[in-house]
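Participant: One structure, as structure tokens, below. Some questions next.
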Amino acid sequence: MSARAARRPAAALLLVLTASCARGTMRPAPGAATLGPIRELATPAAAGSGEANLTTAGGVTYLSWIEPGPDGVHALRFSTRDAGGEWSAARTIAQGRDWFVNWADFPAMAALPDGTLAAHWLVKTAPATYAYEVRVALSRDGGASWGEPIVPHRDGKPAEHGFVSFFPWEDGRLGLVWLDGRHTGGHAAGGPGAMALMQATLGTDGARGEETTLDARVCDCCQTSAARTGDGVLVAYRDRSEREIRDVATVRYAQGRWSQPVTLGADGWEIHGCPVNGPAVAAVDSRAAVAWFSAPGEQGRVQVAFSADAGRTFGAPIRVDDGRPLGRVDVALLDGDEAVVSWLELGPAGAEVRARTVAPGGTRGAALTVAPSSEARSSGFPRIERAGGELLVAWRDSGTPSRVRTAAVEVR
């Protein structure tokens, strides 16, 4: 599904980065945190790389991506970075020829409290386009070696399983949610079933926990997002009603049980097809923020909503974009009440990766243009992650050949 787009020369990118630093630090709202300047990092991802992701645990940030190889082989690779340092040399998690590599459904990594690392990717199981399964591998030696892949879902059907989000679970286990298409092949009594949001756990020994259906009818191919809160887990995803309203919803895990889905923002976006534009969630103790894209009445907007009680309730949505958003959002929390939201915005010369700080009361910082991008699917989904006093950004550039790039943005 992903085409390869052309890359701008590195010199041009650095010129844009330099210009955007000045633009991003202009006229901040009173009391708002400031983003910038930007420092591009030497990134070990090879030419043709894509599907980047970021996660931070224990003061270490993990960058993962997929690289194409000869004869249709793809490799999932990763690098680490301590606070303020440089990316380590790339290491390979897994590789294969039968992978489902997709611009929107990309791998992720997680680090558990005992140091166990987890990573997932997607593998085709049948000739049908969307017949693929999730594979999860664990490493107990910091990523030097990885165990045999585990399939967390148990239906065994040649259907779509993907859009995975990891989170720490109880007793040191790994929690994960995913979109599950085991019922989308149709029923004997009539039409096709719906995509479901499923949850399960994995022990550090690879033992699979029971599956739980969190929502039996969700949007088919929008990313999920999940974060550990002070009293449980908060999951955000795009729901789907019988009337094809595809608003963002959340579910919570607390006190040993999952909540019912709750619609966030009630945008009323009726769309007869998946927009491939999922939400993002970040949480620290009782603070949480969810960012998302919506386009009711074909009027696109990026919004963020804040919670002070671990996702039980949220304040009114706050608009984040500058008027011409494409979505593809991410969010990170700062030390105070603020969050940083990133998204793609159409600028004078094309799509741009932008970010800005937002406070629960509605105060917005100046928008920072991190890098030029593209409207094409091949540009993927830029990712952000808080790391100390910096915001790390990963994106796929629009050059020839394209590759994953990263930058550190100072947060002041």
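The values are calculated or read from the model by the stated rules, or taken from the named source; none is laboratory data. Everything numeric here is computed off the predicted structure, so don't read it as measured data. Here the Cβ positions follow ideal geometry from the backbone for every residue, glycine too, while neighbour counts run over all protein chains shown. These area figures cover heavy atoms from the full protein model, side chains too; ligands, DNA and RNA do not enter into them. Shrake-Rupley method; radii C 1.70, N 1.55, O 1.52, S 1.80 Å.
Participant: For the chain, build the convex hull from the C-alpha positions and give me its volume per residue in Å³.
Facilitator: Convex hull of Cα atoms, per residue: 132 Å³.
Participant: So how much slack lies between residue 295 and residue 349, counting 0.36 nm per residue of separation and subtracting their Cα-Cα distance, in nm?
Facilitator: 17.2 nm
Participant: At 222 nm, what value in deg cm²/dmol follows for the chain if DSSP H runs of at least 4 each add -39500 (n - 2.57) and the sum is divided by all its residues, to the nearest 500?
Facilitator: -1000 deg cm²/dmol
Participant: Quick one: putting +1 on the C-beta of Lys and Arg, -1 on the C-beta of Asp and Glu, what dipole do you get for the chain around its Cα centre, in Debye to the nearest 20?
Facilitator: 760
Participant: Please check: in the Gaussian network model of the chain (C-alpha springs, under 10 Å), which one of 61, 313, 80 has the largest mean-square fluctuation.
Facilitator: Among 61, 313, 80, the largest GNM mean-square fluctuation belongs to 313.
Participant: Next question, about the same structure. Under the classification rounded if a/c is under 1.5, otherwise prolate if a/b is larger than b/c and oblate if not, where does the range 39-171 fall, given a ≥ b ≥ c as square roots of the Cα gyration tensor eigenvalues?
Facilitator: Oblate.
Participant: Highest GNM mean-square fluctuation, the chain, Cα pairs closer than 10 Å: which of 273, 336, 380?
Facilitator: Taking springs between Cα atoms under 10 Å, the residue moving most is 336.
Participant: If r is the Cβ-Cβ distance from residue 242 to residue 412 and R0 is 45 Å, what FRET efficiency results, to the nearest 0.05?
Facilitator: Given R0 = 45 Å and the Cβ-Cβ separation, E is 0.40.
Participant: At R0 = 45 Å, how high is the FRET efficiency between residue 40 and residue 194 if r is their beta carbon distance? Nearest 0.05 is fine.
Facilitator: The pair residue 40/residue 194 has a calculated efficiency of 0.55.
Participant: Follow-up question, since we're still on this one. Given a 1.4 angstrom probe, I'd like the percentage of the accessible area of the chain that is carbon and sulfur, rounded to a whole number.
Facilitator: 50
Participant: While we're looking at this one, here's another question. Indicate the gyration tensor shape class of the range 347-393 (rounded, prolate or oblate), computed on the Cα atoms with a ≥ b ≥ c the square roots of the eigenvalues: a/c under 1.5 is rounded; otherwise a/b larger than b/c is prolate and the rest oblate.
Facilitator: Note, shape of the range 347-393 comes out oblate.
Participant: Tell me, what is the per residue accessible area of the range 298-412 in Å², probe radius 1.4 Å?
Facilitator: Per residue, the range 298-412 has 33 Å² of solvent-accessible surface.
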